[in-house]
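K.L.:
Got a structure for you, written out below as structure tokens; questions coming shortly.
The values are calculated or read from the model by the stated rules, or taken from the named source; none is laboratory data. Because the structure is predicted, anything quoted here is derived from the model rather than measured. Because the Cβ atoms are built from the backbone with ideal geometry, glycine has one as well, and the counts that use them run over all protein chains shown.
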Amino acid sequence: TSNDPVVENEPAFRLIKLIDSIASLSKEDKVSFYYAPSGVCDSIISQYQQVYLPNTPFWSYSRLRLEYNSSQLPVKAFKWSPSGSEHQYSEIFYDGNGRKIKHINYNDTYTYTYDHLGRLARDTQFSSFGYWLSYRTYLYDSKDNVLEWKSFSTYSADSAFVRCTYDKAINPLRKDWNLLFYDPRVLSRNNLTSMTYVNTSNAETVTYVYNALNLPVKARIYNTNQAEPVIRTYIYQ
């Protein structure tokens, strides 16, 4: 459509849009990614459908503008407000190997530690006042894939865990995801085929479909608290 982001000479593997849909609700949420001539993603626009009636959709919007350092790593994000102004939303710090070690958001902070092989071992969330809120630990298999991670929180005595399975294809998105938050695909060597999240109140399973370039094109997200799954579509240009 005319509203889709278009970038000249953009490589085939560049993600430009995510669409989450629920058929029975006529619901469709979208996240669009815009790129600078240098190839980095410099803007992310999210559209969330608040009213699900087909003839009267109502959308809410949010926008992040990203700034990068000389190594093409994102270092700052600015969030747009409805008044037309923007404020600094987050700032990211790296070590000498280009690994994220701290992520300061508008209302919390994450720190990251790595194992002797340079893989993410733990991330910890703190409040804006410095109080510990939660942390996650990561377990890898012999092929450098995230096999499982566990979450612990001050909000609950119960922990949650995520377990992942992979195919044998080499993951083209590994260490090349220029968004602000870690995703299992950027941490692992092979392509993720399923991811299951479990805590005491619900379970959620995500399964993926890939194209010939080993890029994800569909994901089916099923939560035990939902009547039907969310279908996520990945669009590239």
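K.L.:
Using beta carbons and a limit of 7 Å, which pairs, at least six apart or on different chains, have the first residue in the stretch 92-117 and farther than 19 Å from Tyr68 by Cβ and the second one aromatic (Phe, Trp, Tyr) and at pLDDT 95 or above?
P.N.:
The qualifying pairs are Asp108/Phe126; Thr109/Phe126.
K.L.:
Let me ask another. Please list, ordered by first then second residue, the pairs with beta carbon atoms under 9 Å, 6 or more apart or interchain, first in the stretch 206-225 and at positive phi, second modelled with pLDDT of 90 or more and surrounded by fewer than 18 Cβ atoms within 10 Å (Cβ to Cβ).
P.N.:
Asn214/Asp167; Asn214/Ala169; Asn214/Ile170
K.L.:
Take Ser151 and tell me if it is at pLDDT below 90 and farther than 28 Å from Leu25 by Cβ.
P.N.:
Details: at pLDDT below 90: no; farther than 28 Å from Leu25 by Cβ: yes.
Here the answer is no, as Ser151 does not meet what is asked.
K.L.:
(1) of a type in the set (D, E, K, R); (2) in a loop (DSSP other than H, G, I, E, B); (3) crowded, with 16+ Cβ neighbours inside 10 Å: which one isn't true of Lys143, the others all being true?
P.N.:
(3)
K.L.:
In addition: Take the residues in the stretch 120-159 that are touching a residue at least 40 places away in the same chain (Cβ under 8 Å), touching a strand residue (DSSP E or B) at 6+ places or on another chain (Cβ under 6 Å) and not hydroxyl-bearing (Ser, Thr, Tyr); name whichever of them is farthest from Leu192 (Cα to Cα).
P.N.:
Checked the stretch 120-159; the qualifying residue farthest from Leu192 (Cα to Cα) is Asp123.
K.L.:
So, in the stretch 60-79, how many residues would count as being in a strand (DSSP E or B), at pLDDT 85 or above and in contact with a Phe, Trp or Tyr (Cβ under 9 Å, 6 or more places away or on another chain)? Spell out how you get there, then give the answer.
P.N.:
Restricting attention to the stretch 60-79, the residues satisfying the condition of being in a strand (DSSP E or B) are 60-68, 74-79.
Now narrow it down to the ones that are at pLDDT 85 or above: 62-68, 74-79.
Filter once more, so that each one left must be in contact with a Phe, Trp or Tyr (Cβ under 9 Å, 6 or more places away or on another chain): 62-67, 74-79.
Going through the stretch 60-79 one residue at a time, the tally reaches 12.
K.L.:
I would also like to ask the following. Identify all residues within the stretch 153-173 that are assigned to a strand (DSSP E or B) and either in contact with an Asp or Glu (Cβ under 9 Å, 6 or more places away or on another chain) or buried (at least 18 other Cβ atoms within 10 Å of the Cβ) (or both); write none if there are none.
P.N.:
Our first condition is that a residue be assigned to a strand (DSSP E or B); within the stretch 153-173, this holds for 153, 156-170.
Result: Ala160, Phe161, Val162, Arg163, Cys164, Tyr166.
K.L.:
Can you tell me which residues in the stretch 108-120 are under 19 Å from Gly96 (Cβ atoms) and surrounded by 17 or more Cβ atoms within 10 Å (Cβ to Cβ)? If you could, list the steps in order and put the result at the bottom.
P.N.:
From the stretch 108-120, those under 19 Å from Gly96 (Cβ atoms) are 111-120; that's our starting set.
Tyr112, Leu120 - these are the residues of the stretch 108-120 that are under 19 Å from Gly96 (Cβ atoms) and surrounded by 17 or more Cβ atoms within 10 Å (Cβ to Cβ).
K.L.:
Which residues, counting only those in the stretch 182-224, are assigned to a loop (DSSP other than H, G, I, E, B) and of a type outside the set (S, T, N, Q)? So that I can check it myself, show each step before the final result.
P.N.:
Of the stretch 182-224, the ones assigned to a loop (DSSP other than H, G, I, E, B) are 182-183, 188-189, 199-202, 211-215, 224.
Correct list: Tyr182, Asp183, Arg189, Ala212, Leu213, Leu215.
K.L.:
Determine which single condition Trp132 fails, assuming it passes every other condition in (1) surrounded by 14 or more Cβ atoms within 10 Å (Cβ to Cβ); (2) modelled with pLDDT of 90 or more; (3) of a type in the set (A, V, I, L, M, F, W, C).
P.N.:
The single condition Trp132 does not satisfy is (1).
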